[in-house]
Amino acid sequence: MRSIFSLSYDDLFEYIESNNFEKFRAKQIIEWLYKKKVVDFDSMKNLPKNVISKLKTDFVISSLNEIERKKSIDGTTKIIYKTFDNNIIETVVIPNNLNKYTICISTQVGCPIGCSFCATGINGFKRNLNIDEIISQFYLNSKDVSNIVLMGMGEPFLNPDIWEFLNRMTSVDYFNFSSRSITVSTVGIIDGIKKLVSFNKQIKLAVSYHSGVSETRKILFPKIYDIIDFKKLIKALKDFSKTGKRFTLEYILIKDLNDNKKEAEILNNLSREIDFHLNIIPYNSHKFANYKSPDDIDISRFISYLNNVKYTIRKSKGQDISGACGQLAGEKSIIYN
Ligand code: SAH
Ligand code: SF4
C-alpha cells in the first residue's frame with residue numbers, strides 16, 4: 001500500500017477535498033505526521049473516525065518494514081529494511097559529539113556509480129528510493145537525531161526526489177529541521193552541486209574526492225571516470241565556495257594507492273584556491289574489494305605531507321556490524337527475497 005509520505009501538503013489537500021472531508025483536516029494530518037510524528041493513524045486524535053478509517057484503507061504511514069537491527073559496541077545501530085518490492089536498504093544511526101545521533105540515510109537501492117572500493121556500488125543498482133522511503137528512514141528513527149547525512153547507499157544527486165526530501169525536512173510547515181545540520185554527500189555529480197548552489201537553504205555539501213591523480217581516479221571510479229571531468233568538478237567546487245557555503249572533501253585513504261606525496265601536493269595546491277575541509281577516512285575493508293586499510297604510520301606520513309589543508313581523520317563507526325562508510329551492501333536481499 002502507498003505511504004502517506006508520498007503525498008505533499010497540496011496532494012493531501014486534494015485527496016481530502018475529493019473525499020468530501022472538511023478542508024482543514026489536511027492541515028491536521030500534516031501536523032500529526034510532521035510535528036508529532038505519530039506511528040499510526042489511530043493516534044490522530046482530533047480526526048473523526050470516518051477520516052481515520054479512510055486513511056487506513058488508502059495508506060500506510062511507512063512502506064518500509066524493519067527486518068533487522070544490529071547494534072555495534074560503539075553505539076552505532078544499523079537498521080535493515082525491506083521495501084514494498086522486496087529490496088533491502090540500510091539506515092545507520094551513529095552517536096555524535098553533541099550527545100545526540102547522526103542518521104545516515106540511503107537514497108538508492110544499490111548504486112549505479114560502481115566505485116571500486118564501495119560495497120554498495122559493487123553490488124549493482126536496482127532503483128531510486130521514493131520520497132516516502134527516504135523520509136521514512138528519518139521518521140522511524142528520529143528520536144534525538146541532530147544531524148542528517150545523505151551518505152548511505154546510493155548517489156543522492158542521481159535521485160530527483162532528494163530535492164523534495166530537503167524541502168520537507170527543512171520547511172517550517174513540515175519537519176522544520178535545521179538545514180545546516182543536513183549534509184549531502186556526492187561522488188561529484190556536477191549538476192547536483194550546481195543545483196545545491198542555487199538551492200535556497202544552507203544544506204552542507206560533502207564531495208567524495210579521494211584522488212586528484214587521473215590514473216588513480218580511473219581505478220577508483222572505473223564507470224564514471226570519463227563522465228565526471230575532474231577540471232569541471234574543481235570549477236563547480238570553486239563556484240560553490242564563492243557562495244560562502246563551505247564544503248568538505250572526503251578522502252578515503254587507501255594503503256599504497258592514494259597515500260602518497262603527489263596526492264598531498266595536489267591537495268596543498270587546491271587549498272590555495274578553494275576553502276575546503278578535508279575529511280580523511282581510513283579505508284574500511286570488506287569482502288567485496290581487495291584494497292588495504294592504511295596503518296597508523298601511513299596515515300601520519302600522509303598528513304605530514306599536507307600543509308595549509310584543514311583536515312580531520314574520521315575513523316568510521318559501526319565496523320563490527322558492517323555499518324561503516326562503504327560497507328552497506330544490502331546483503332540481506334540474498335536471504336530475505
Ligand atoms: N554516493 C555518495 C554518498 C554515499 S557513499 C558518495 O559517494 O559520496 C558515502 C561515503 O562512503 C563516501 O564518501 C564514500 O566515498 C565512502 N566510502 C565508500 N566506500 C568506502 C570504504 N570502503 N571505506 C571508507 N569509506 C567508503
Ligand atoms: Fe555509489 Fe557513493 Fe558507493 Fe560510489 S561511494 S558506489 S557513488 S554509494
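If you check Met169 against the conditions, is it within 11 Å of ligand 1 (Cβ to nearest atom), in contact (Cβ under 8 Å) with a residue 12 or more places away in the chain and under 25 Å from Asp85 (Cβ atoms)?
Taking the combined requirement at face value, the residue does not satisfy it.
Which pairs turn up if I take residues in region 198-211 that are small (Gly, Ala, Ser) and look for partners that are open to solvent by 20 Å² or more (accessible area, probe 1.4 Å) and away from ligand 2 (no atom under 14 Å from the Cβ) with beta carbon separation below 9 Å, at least 6 apart in sequence or on another chain?
Qualifying pairs under 9 Å: Ser198/Thr243; Ala206/Thr248; Ser211/Leu257; Ser211/Ile266.
List, please: which pairs have Cβ atoms under 6 Å, are six or more places apart or on different chains, and start with a residue in region 312-324 that is among the aliphatic types (A, V, I, L, M) and end with one that is open to solvent by less than 60 Å² (accessible area, probe 1.4 Å) and not in a strand (DSSP E or B)?
Every condition considered, the pairs that remain are Ile321/Ser72; Ala324/Asn284; Ala324/Ser316; Ala324/Gly318.
Tell me whether region 47-58 contains one or more residues that are in a helix (DSSP H, G or I), closer than 18 Å to Ile131 by Cα and of a type in the set (A, V, I, L, M, F, W, C).
no
Restricting attention to region 47-69, report how many residues are under 29 Å from the mean Cα position of the chain (by Cα) and open to solvent by 60 Å² or more (accessible area, probe 1.4 Å).
3
Would a scan of region 23-35 turn up a residue that is open to solvent by less than 40 Å² (accessible area, probe 1.4 Å), within 16 Å of ligand 2 (Cβ to nearest atom) and not charged (D, E, K, R)?
No, that holds for no residue.
So which of Lys204, Lys235, Lys231, Lys223 ends up being touching a strand residue (DSSP E or B) at 6+ places or on another chain (Cβ under 8 Å), over 24 Å from Ile299 (Cβ atoms) and open to solvent by 30 Å² or more (accessible area, probe 1.4 Å)?
Of Lys204, Lys235, Lys231, Lys223, the one residue that is touching a strand residue (DSSP E or B) at 6+ places or on another chain (Cβ under 8 Å), over 24 Å from Ile299 (Cβ atoms) and open to solvent by 30 Å² or more (accessible area, probe 1.4 Å) is Lys204.
If I ask for residues that are of a type outside the set (S, T, N, Q), within 16 Å of ligand 2 (Cβ to nearest atom) and surrounded by fewer than 23 Cβ atoms within 10 Å (Cβ to Cβ), which ones from region 120-143 would you list?
Ile122, Gly124, Phe125, Lys126, Arg127
Spot the failing condition for Lys100; the list is (1) more than 19 Å from Gln327 (Cα to Cα); (2) out of contact with any Ser or Thr (no Cβ under 9 Å at 6 or more places or on another chain); (3) of a type in the set (D, E, K, R), and only one is missed.
(2)
Can you confirm whether region 90-101 contains a residue that is assigned to a loop (DSSP other than H, G, I, E, B) and within 13 Å of ligand 1 (Cβ to nearest atom)?
Taking every residue of region 90-101 in turn, none turns out to be assigned to a loop (DSSP other than H, G, I, E, B) and within 13 Å of ligand 1 (Cβ to nearest atom).
State whether the residues of region 18-40 include one that is among the small types (Gly, Ala, Ser), more than 21 Å from Asn130 (Cα to Cα) and touching a residue at least 40 places away in the same chain (Cβ under 8 Å).
no
On the given criteria, is Ser53 touching a residue at least 24 places away in the same chain (Cβ under 8 Å) and of a type in the set (S, T, N, Q)?
Against the criterion (touching a residue at least 24 places away in the same chain (Cβ under 8 Å) and of a type in the set (S, T, N, Q)), Ser53 does not qualify.
Of Ile80, Ile73, which residue is closer than 20 Å to Val145 by Cα, in a loop (DSSP other than H, G, I, E, B), among the aliphatic types (A, V, I, L, M) and in contact (Cβ under 8 Å) with a residue 24 or more places away in the chain?
Result of the check over Ile80, Ile73: Ile73.
If Phe117 meets every condition in (1) surrounded by fewer than 19 Cβ atoms within 10 Å (Cβ to Cβ); (2) within 12 Å of ligand 1 (Cβ to nearest atom) apart from one, which number is that one?
Going through the list (1) surrounded by fewer than 19 Cβ atoms within 10 Å (Cβ to Cβ); (2) within 12 Å of ligand 1 (Cβ to nearest atom), Phe117 breaks only (1).
Confirm whether Asn87 is assigned by TED's automatic domain parsing to the domain that holds Glu155 and either closer than 30 Å to Lys27 by Cα or without any contact (Cβ under 8 Å) to a residue 24 or more places away in the chain (or both).
no
The values are calculated or read from the model by the stated rules, or taken from the named source; none is laboratory data. This structure is a prediction, so every number in the text was calculated from the model and none was measured. Neighbour counts run over all protein chains shown; Cβ positions are idealised from the backbone, glycine included. Note: areas computed on protein heavy atoms with side chains; ligands, DNA, RNA excluded. Shrake-Rupley method; radii C 1.70, N 1.55, O 1.52, S 1.80 Å.
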